[in-house]
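What follows is one structure encoded as structure tokens, with my remarks underneath.
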């Protein structure tokens with residue numbers, strides 16, 4: 001395996017982390033890395049689905065066009081996660097993918113990935129097991145979020161960003177939010193006014209400090225409790 005791939009978050013992700021080193025080496029030969037700039041469109045909704053992608057570094061958003069001409073952020077993609085999987089079964093992408101930061105993305109054609117899986121049935125079986133687990137986890141998260149009030153939704157969302165942005169599980173984490181309050185409101189299905197109000201409450205409770213897009217989690221344990229109760 002190439003040295004630059006040995007610590008790749010894609011190969012360490014839940015989708016591939018259980019693979020033996022020799023199988024992981026075969027996968028990294030299929031996926032090819034490329035650098036992308038902030039706000040670059042990787043693919044567009046309805047466009048031909050020619051590649052499957054994995055995010056190596058940076059952040060990315062998947063967006064859906066609405067009938068009123070606006071866009072809705074459907075999902076945030078973090079390093080190590082795979083996206084554009086519809087290319088394996090469909091002729092076009094269901095969403096648009098746009099980078100939020102400069103970063104590196106690995107890509108493979110559906111034919112290359114499918115050929116790799118055909119030649120390595122143990123990899124294919126492992127991926128099926130992991131994907132089933134990921135679907136179940138996603139369903140649980142959607143169900144849990146639907147029952148959470150606004151304060152818990154915001155707390156949970158901030159915690160989902162902090163470890164990835166800071167790269168550690170330290171008690172205090174300071175990072176730049178990759179989204180505006182408007183975008184956060186779209187992601188969580190809340191009004192911008194509600195987002196501002198909840199930020200104010202979390203600041204008052206001294207769980208966070210916020211100035212513009214700069215945010216510091218002062219009390220991680222407290223914020224975790226806020227996301228649960």
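The values are calculated or read from the model by the stated rules, or taken from the named source; none is laboratory data. Fair warning: this is a prediction, and the values are worked out from it, not measured in the lab. When we count neighbours, we look across all protein chains shown, and the Cβ atoms used for this are built from the backbone with ideal geometry, even at glycine.
What tally of residues in the range 215-229 results from selecting those that are at pLDDT below 90 and under 22 Å from residue 182 (Cβ atoms)?
1
On the basis of being in contact with a helix residue (DSSP H, G or I) (Cβ under 7 Å, 6 or more places away or on another chain), crowded, with 16+ Cβ neighbours inside 10 Å, modelled with pLDDT under 80 and closer than 28 Å to residue 38 by Cα, does residue 162 make the cut?
Details: in contact with a helix residue (DSSP H, G or I) (Cβ under 7 Å, 6 or more places away or on another chain): no; crowded, with 16+ Cβ neighbours inside 10 Å: yes; modelled with pLDDT under 80: yes; closer than 28 Å to residue 38 by Cα: yes.
No; evaluated as a whole, the condition is false for this residue.
For residue 102, state whether it is at pLDDT 90 or above and either closer than 28 Å to residue 30 by Cα or outside the structural domain of residue 58 (by TED's automatic domain parsing) (or both).
Numbers: at pLDDT 90 or above: yes; either closer than 28 Å to residue 30 by Cα or outside the structural domain of residue 58 (by TED's automatic domain parsing) (or both): yes.
The answer is yes for residue 102.
Out of 87, 114, I need the residue that is within 23 Å of residue 131 (Cα to Cα), surrounded by fewer than 20 Cβ atoms within 10 Å (Cβ to Cβ) and free of Cβ contacts under 8 Å to residues at least 40 places away in the same chain. Which one? First the steps, then the outcome.
Details: 87 fails: surrounded by fewer than 20 Cβ atoms within 10 Å (Cβ to Cβ).
Of 87, 114, the one residue that is within 23 Å of residue 131 (Cα to Cα), surrounded by fewer than 20 Cβ atoms within 10 Å (Cβ to Cβ) and free of Cβ contacts under 8 Å to residues at least 40 places away in the same chain is 114.
Only one of (1) in a loop (DSSP other than H, G, I, E, B); (2) modelled with pLDDT under 90; (3) more than 20 Å from residue 101 (Cα to Cα) fails for residue 9. Which number is that?
Every condition holds for residue 9 apart from (3).
Go through (1) at pLDDT 90 or above; (2) more than 13 Å from residue 154 (Cα to Cα) for residue 193 and report which single condition fails.
So the condition that residue 193 fails would be (2).
Go through the range 37-62 and give me each residue that's surrounded by fewer than 20 Cβ atoms within 10 Å (Cβ to Cβ), in a strand (DSSP E or B) and at pLDDT 90 or above.
Once the filter is applied, which keeps residues that are surrounded by fewer than 20 Cβ atoms within 10 Å (Cβ to Cβ), in a strand (DSSP E or B) and at pLDDT 90 or above, the range 37-62 yields 41, 48.
Output the residues belonging to the range 203-224 that are crowded, with 19+ Cβ neighbours inside 10 Å and farther than 25 Å from residue 77 by Cβ.
Hit for the range 203-224 is 207, nothing else.
Looking only at the range 24-32, decide whether some residue is exposed (fewer than 15 other Cβ atoms within 10 Å of the Cβ), touching a strand residue (DSSP E or B) at 6+ places or on another chain (Cβ under 8 Å) and not assigned by TED's automatic domain parsing to the domain that holds residue 188.
yes
Which of the residues that make up the range 144-154 are part of a helix (DSSP H, G or I), surrounded by 10 or more Cβ atoms within 10 Å (Cβ to Cβ) and at pLDDT below 85? Working first, answer last.
Taking the range 144-154 first, the residues part of a helix (DSSP H, G or I) are 144-146, 150-154.
Adding the requirement that they be surrounded by 10 or more Cβ atoms within 10 Å (Cβ to Cβ) leaves 144-145, 150-154.
Across the range 144-154, the qualifying residues are 144, 145.
Which numbered condition in (1) closer than 28 Å to residue 197 by Cβ; (2) modelled with pLDDT of 75 or more; (3) more than 14 Å from the chain's Cα centre (by Cα) is the only one that residue 157 fails?
(3)
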